[in-house]
Amino acid sequence: MIESKIKVLRKAAKVSTAQNSDQIWCVIAGNEEMVNNVAYAAISAKDRVKILFREHVNFKESFVRKKFDFIMLYGDNNIIRDLSLICKDNGGAYLKIAPYYVKNEPDLILLVAPDKAMKKFVGDAEKENIKFSYLLEDKTTGFIESDVSITTRLPEFLRDLVDPLFKFTDVVLSTILISSERKYIEAIQKVADSNQVFVVEFKEIVEEV
(Lines give C-alpha, C1' and ligand atoms only; values in the text may rest on other atoms or scores of the structure.)
Protein backbone atom coordinates (compact mmCIF):
# COMPACT_ATOMS: atom_id res chain seq x y z
CA MET A 1 0.00 0.00 0.00
CA ILE A 2 2.79 2.44 0.94
CA GLU A 3 4.80 1.49 -2.16
CA SER A 4 1.74 2.12 -4.33
CA LYS A 5 1.29 5.61 -2.86
CA ILE A 6 4.98 6.36 -3.41
CA LYS A 7 4.63 5.41 -7.10
CA VAL A 8 1.65 7.75 -7.45
CA LEU A 9 3.55 10.59 -5.82
CA ARG A 10 6.57 10.02 -8.05
CA LYS A 11 4.40 10.10 -11.17
CA ALA A 12 2.69 13.30 -9.98
CA ALA A 13 6.09 14.88 -9.39
CA LYS A 14 7.23 13.95 -12.90
CA VAL A 15 4.10 15.44 -14.45
CA SER A 16 4.46 18.61 -12.37
CA THR A 17 8.06 19.02 -13.50
CA ALA A 18 7.14 18.33 -17.13
CA GLN A 19 4.40 20.97 -17.02
CA ASN A 20 7.12 23.53 -16.37
CA SER A 21 8.86 22.48 -19.60
CA ASP A 22 9.96 25.27 -21.96
CA GLN A 23 7.85 23.88 -24.84
CA ILE A 24 4.31 22.52 -24.43
CA TRP A 25 1.14 21.89 -26.44
CA CYS A 26 -2.16 23.63 -25.73
CA VAL A 27 -5.68 23.30 -27.12
CA ILE A 28 -8.15 26.16 -26.62
CA ALA A 29 -11.88 25.91 -27.37
CA GLY A 30 -14.74 28.40 -27.25
CA ASN A 31 -16.54 31.02 -29.29
CA GLU A 32 -15.02 32.43 -32.48
CA GLU A 33 -14.22 35.87 -31.06
CA MET A 34 -12.25 34.42 -28.15
CA VAL A 35 -10.27 32.09 -30.41
CA ASN A 36 -9.60 35.03 -32.77
CA ASN A 37 -8.08 36.92 -29.83
CA VAL A 38 -5.92 33.94 -28.90
CA ALA A 39 -4.79 33.47 -32.51
CA TYR A 40 -3.89 37.16 -32.79
CA ALA A 41 -1.85 37.04 -29.58
CA ALA A 42 -0.11 33.84 -30.76
CA ILE A 43 0.82 35.41 -34.09
CA SER A 44 2.07 38.52 -32.27
CA ALA A 45 4.42 36.27 -30.26
CA LYS A 46 6.07 35.42 -33.61
CA ASP A 47 8.24 32.29 -33.51
CA ARG A 48 7.75 31.67 -29.77
CA VAL A 49 4.38 29.98 -30.38
CA LYS A 50 3.24 27.99 -33.42
CA ILE A 51 -0.41 27.56 -34.46
CA LEU A 52 -0.63 23.91 -35.49
CA PHE A 53 -4.24 24.05 -36.69
CA ARG A 54 -7.62 25.67 -36.13
CA GLU A 55 -11.06 24.15 -36.61
CA HIS A 56 -14.52 25.69 -37.02
CA VAL A 57 -17.09 23.16 -35.77
CA ASN A 58 -20.84 23.18 -36.46
CA PHE A 59 -23.32 20.85 -34.78
CA LYS A 60 -27.10 20.66 -34.52
CA GLU A 61 -29.32 20.29 -31.47
CA SER A 62 -32.98 20.07 -32.43
CA PHE A 63 -33.59 23.01 -34.82
CA VAL A 64 -30.65 25.11 -33.57
CA ARG A 65 -27.24 25.04 -35.28
CA LYS A 66 -24.39 25.87 -32.91
CA LYS A 67 -20.82 26.84 -33.71
CA PHE A 68 -17.53 26.86 -31.84
CA ASP A 69 -13.85 27.07 -32.65
CA PHE A 70 -10.77 25.42 -31.27
CA ILE A 71 -7.10 25.96 -31.89
CA MET A 72 -3.97 23.88 -31.18
CA LEU A 73 -0.78 25.66 -30.17
CA TYR A 74 2.80 24.61 -29.46
CA GLY A 75 5.57 26.69 -28.01
CA ASP A 76 6.94 28.68 -25.09
CA ASN A 77 5.28 27.73 -21.81
CA ASN A 78 5.18 31.32 -20.55
CA ILE A 79 3.45 32.61 -23.69
CA ILE A 80 0.96 29.74 -23.69
CA ARG A 81 0.18 30.49 -20.04
CA ASP A 82 -0.77 34.04 -21.07
CA LEU A 83 -2.91 32.71 -23.94
CA SER A 84 -4.71 30.32 -21.59
CA LEU A 85 -5.58 33.29 -19.37
CA ILE A 86 -7.17 35.05 -22.35
CA CYS A 87 -9.16 31.87 -22.90
CA LYS A 88 -10.38 31.59 -19.30
CA ASP A 89 -11.18 35.28 -18.98
CA ASN A 90 -13.49 34.93 -22.00
CA GLY A 91 -15.29 31.73 -21.04
CA GLY A 92 -13.22 29.20 -22.99
CA ALA A 93 -11.71 25.83 -22.14
CA TYR A 94 -8.06 24.86 -22.49
CA LEU A 95 -5.70 21.95 -21.93
CA LYS A 96 -1.95 22.40 -21.53
CA ILE A 97 -0.27 19.15 -22.54
CA ALA A 98 3.23 18.53 -21.16
CA PRO A 99 5.88 16.49 -22.98
CA TYR A 100 5.59 13.93 -20.16
CA TYR A 101 2.30 12.64 -21.57
CA VAL A 102 3.70 12.32 -25.09
CA LYS A 103 6.70 10.33 -23.90
CA ASN A 104 5.09 8.14 -21.25
CA GLU A 105 1.49 7.43 -22.25
CA PRO A 106 0.22 5.13 -25.03
CA ASP A 107 -1.69 6.56 -27.98
CA LEU A 108 -3.00 10.00 -27.02
CA ILE A 109 -6.34 11.25 -28.34
CA LEU A 110 -7.79 14.73 -28.02
CA LEU A 111 -11.59 15.03 -27.84
CA VAL A 112 -13.57 18.28 -28.19
CA ALA A 113 -17.37 18.49 -28.01
CA PRO A 114 -20.34 19.90 -26.09
CA ASP A 115 -20.48 18.30 -22.66
CA LYS A 116 -23.75 16.51 -23.44
CA ALA A 117 -22.22 14.84 -26.52
CA MET A 118 -19.06 13.98 -24.58
CA LYS A 119 -21.05 12.18 -21.87
CA LYS A 120 -22.93 10.23 -24.54
CA PHE A 121 -19.59 9.30 -26.14
CA VAL A 122 -18.25 7.98 -22.82
CA GLY A 123 -21.41 5.95 -22.21
CA ASP A 124 -21.37 4.42 -25.69
CA ALA A 125 -17.65 3.64 -25.42
CA GLU A 126 -18.29 1.75 -22.17
CA LYS A 127 -21.09 -0.24 -23.82
CA GLU A 128 -18.66 -1.20 -26.60
CA ASN A 129 -16.06 -2.18 -23.96
CA ILE A 130 -13.56 0.32 -25.38
CA LYS A 131 -10.72 0.88 -22.94
CA PHE A 132 -9.13 4.29 -22.40
CA SER A 133 -7.77 6.44 -19.56
CA TYR A 134 -8.65 10.05 -18.71
CA LEU A 135 -5.56 12.24 -18.45
CA LEU A 136 -6.74 15.87 -18.63
CA GLU A 137 -10.09 17.65 -18.86
CA ASP A 138 -11.41 21.21 -18.93
CA LYS A 139 -14.80 22.79 -19.67
CA THR A 140 -16.07 26.17 -20.83
CA THR A 141 -18.54 28.34 -18.99
CA GLY A 142 -19.32 30.81 -21.79
CA PHE A 143 -21.46 31.49 -24.83
CA ILE A 144 -21.06 30.22 -28.38
CA GLU A 145 -22.70 31.44 -31.56
CA SER A 146 -25.88 29.77 -32.77
CA ASP A 147 -28.71 30.27 -35.23
CA VAL A 148 -32.04 28.72 -36.11
CA SER A 149 -31.96 25.90 -38.65
CA ILE A 150 -35.50 25.16 -39.85
CA THR A 151 -36.19 23.37 -43.12
CA THR A 152 -39.55 25.07 -43.64
CA ARG A 153 -39.27 28.66 -44.82
CA LEU A 154 -40.35 31.18 -42.19
CA PRO A 155 -41.88 34.55 -43.02
CA GLU A 156 -39.22 37.25 -42.79
CA PHE A 157 -40.85 38.99 -39.81
CA LEU A 158 -40.83 35.70 -37.84
CA ARG A 159 -37.20 35.03 -38.79
CA ASP A 160 -36.25 38.52 -37.56
CA LEU A 161 -38.08 37.81 -34.30
CA VAL A 162 -36.63 34.33 -33.67
CA ASP A 163 -32.98 34.75 -34.78
CA PRO A 164 -31.90 37.13 -31.98
CA LEU A 165 -33.22 34.70 -29.37
CA PHE A 166 -30.72 32.08 -30.53
CA LYS A 167 -27.82 34.29 -31.58
CA PHE A 168 -25.74 33.25 -28.59
CA THR A 169 -26.29 30.13 -26.54
CA ASP A 170 -24.86 29.27 -23.16
CA VAL A 171 -23.30 25.85 -23.67
CA VAL A 172 -20.67 23.77 -21.91
CA LEU A 173 -17.82 22.60 -24.14
CA SER A 174 -15.52 19.82 -22.97
CA THR A 175 -11.90 19.28 -23.98
CA ILE A 176 -10.48 15.93 -22.92
CA LEU A 177 -7.14 14.19 -23.41
CA ILE A 178 -7.28 10.40 -23.18
CA SER A 179 -4.85 7.56 -23.78
CA SER A 180 -5.71 4.19 -25.22
CA GLU A 181 -4.20 1.29 -27.10
CA ARG A 182 -3.78 1.19 -30.87
CA LYS A 183 -6.36 -1.61 -31.19
CA TYR A 184 -9.11 0.69 -29.82
CA ILE A 185 -8.37 3.78 -31.93
CA GLU A 186 -10.68 2.92 -34.83
CA ALA A 187 -13.55 2.08 -32.45
CA ILE A 188 -13.04 5.34 -30.54
CA GLN A 189 -13.18 7.27 -33.82
CA LYS A 190 -16.40 5.51 -34.84
CA VAL A 191 -18.18 6.19 -31.54
CA ALA A 192 -16.96 9.78 -31.53
CA ASP A 193 -18.25 10.41 -35.07
CA SER A 194 -21.69 9.07 -34.17
CA ASN A 195 -21.87 11.50 -31.23
CA GLN A 196 -20.50 14.61 -33.02
CA VAL A 197 -17.29 14.53 -30.96
CA PHE A 198 -14.24 15.98 -32.73
CA VAL A 199 -11.23 13.65 -32.48
CA VAL A 200 -7.53 14.32 -33.06
CA GLU A 201 -4.86 11.64 -32.76
CA PHE A 202 -2.01 13.30 -30.95
CA LYS A 203 0.74 11.53 -32.86
CA GLU A 204 -0.35 13.49 -35.95
CA ILE A 205 0.11 16.73 -34.01
CA VAL A 206 3.53 15.78 -32.65
CA GLU A 207 4.80 15.13 -36.17
CA GLU A 208 4.12 18.79 -37.07
CA VAL A 209 6.49 20.32 -34.47
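Numerical summary
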item: Verdict on I71 being assigned to a strand (DSSP E or B), over 17 Å from V35 (Cα atoms) and aliphatic (A, V, I, L, M); result: no
item: Flag if K5 is in a helix (DSSP H, G or I), charged (D, E, K, R) and at pLDDT below 90; result: yes
item: Some residue of region 161-176 being surrounded by 12 or more Cβ atoms within 10 Å (Cβ to Cβ), at pLDDT 90 or above and not small (G, A, S); result: yes
item: Candidate set: region 20-44, residues that are free of Cβ contacts under 8 Å to residues at least 60 places away in the same chain and in contact with a Leu (Cβ under 8 Å, 6 or more places away or on another chain); chosen: the one nearest to L177 (Cα to Cα); result: V38
item: Residue count for region 90-116, restricted to those that are in a helix (DSSP H, G or I) and either at pLDDT below 90 or among the polar types (S, T, N, Q) (or both); result: 5
item: Qualifying residue in region 26-37 (condition: farther than 28 Å from V172 by Cα, out of contact with any Phe, Trp or Tyr (no Cβ under 9 Å at 6 or more places or on another chain) and at pLDDT below 95); result: no
item: Residue pairs meeting the criteria (Cβ under 9 Å; at least 6 apart or on separate chains; first over 20 Å from I205 (Cα atoms) and surrounded by fewer than 21 Cβ atoms within 10 Å (Cβ to Cβ), in region 76-100; second aromatic (F, W, Y) and modelled with pLDDT under 90); result: G91/F143
item: Test result for D69, at pLDDT below 95 and among the acidic types (D, E); result: yes
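The values are calculated or read from the model by the stated rules, or taken from the named source; none is laboratory data. Quick caveat, the model's predicted, so the values are computed rather than measured. When we count neighbours, we look across all protein chains shown, and the Cβ atoms used for this are built from the backbone with ideal geometry, even at glycine.
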